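J.: The structure follows.
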């Protein structure tokens, strides 16, 4: 008896192409099951609720863009649409830009038409041993986010982070 017969069946019973597809599907399912059941993933899932405040730096932005950010505005993650929190504080100042002088030197100066806006966003979060999430998105100082509001979308950088146990 041949291992593969003239119809392409393994031991005359199983189509070889069907077997490859089934093994591929089982391999992919096994990979996801392994990832979900890893001890590290299980430990990471354990955590507690926290109130999170992040400071987002939007720079450089124009005045009309800055006008779209107001205290009370809901900030959403652009990719998932999940609510991260609400703007609780806003501070803006003229942005600093680097330009050339007429004699070719580089200097820093305040831009006439560009602003740097710092927005404090406060919302519910989750803290584990190795991460803090807000709106299902991991937040860390130095990380840039893609956020949106009802009338604005941008990519600020997190420059401040406070996580306190939920009261």
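The values are calculated or read from the model by the stated rules, or taken from the named source; none is laboratory data. Model, not experiment: these values are computed from the prediction. Heads up, the Cβs are rebuilt from the backbone with ideal geometry, glycines too, and the neighbour counts pull from every protein chain shown.
J.: Report whether or not residue 130 is surrounded by 11 or more Cβ atoms within 10 Å (Cβ to Cβ) and touching a residue at least 40 places away in the same chain (Cβ under 8 Å).
T.: Spelling it out, it is not the case that residue 130 is surrounded by 11 or more Cβ atoms within 10 Å (Cβ to Cβ) and touching a residue at least 40 places away in the same chain (Cβ under 8 Å).
J.: Of the conditions (1) in contact with a strand residue (DSSP E or B) (Cβ under 8 Å, 6 or more places away or on another chain); (2) modelled with pLDDT under 95; (3) closer than 28 Å to residue 47 by Cα, residue 130 satisfies every one except a single condition; which number is it?
T.: (1)
J.: Still on this structure, please answer the following. Given the conditions (1) under 16 Å from the mean Cα position of the chain (by Cα); (2) in a strand (DSSP E or B), report the number of the one that residue 140 does not fulfil.
T.: Only one criterion is unmet by residue 140, namely (2).
J.: Mind checking whether some residue in the range 85-103 is surrounded by 14 or more Cβ atoms within 10 Å (Cβ to Cβ) and more than 20 Å from residue 63 (Cα to Cα)?
T.: Looking through the range 85-103, at least one residue is surrounded by 14 or more Cβ atoms within 10 Å (Cβ to Cβ) and more than 20 Å from residue 63 (Cα to Cα).
J.: Need the failing condition index for residue 150 against (1) within 24 Å of residue 72 (Cβ to Cβ); (2) out of contact with any helix residue (DSSP H, G or I) (no Cβ under 6 Å at 6 or more places or on another chain); (3) surrounded by 10 or more Cβ atoms within 10 Å (Cβ to Cβ), just the number.
T.: Against the list (1) within 24 Å of residue 72 (Cβ to Cβ); (2) out of contact with any helix residue (DSSP H, G or I) (no Cβ under 6 Å at 6 or more places or on another chain); (3) surrounded by 10 or more Cβ atoms within 10 Å (Cβ to Cβ), residue 150 comes up short only on (3).
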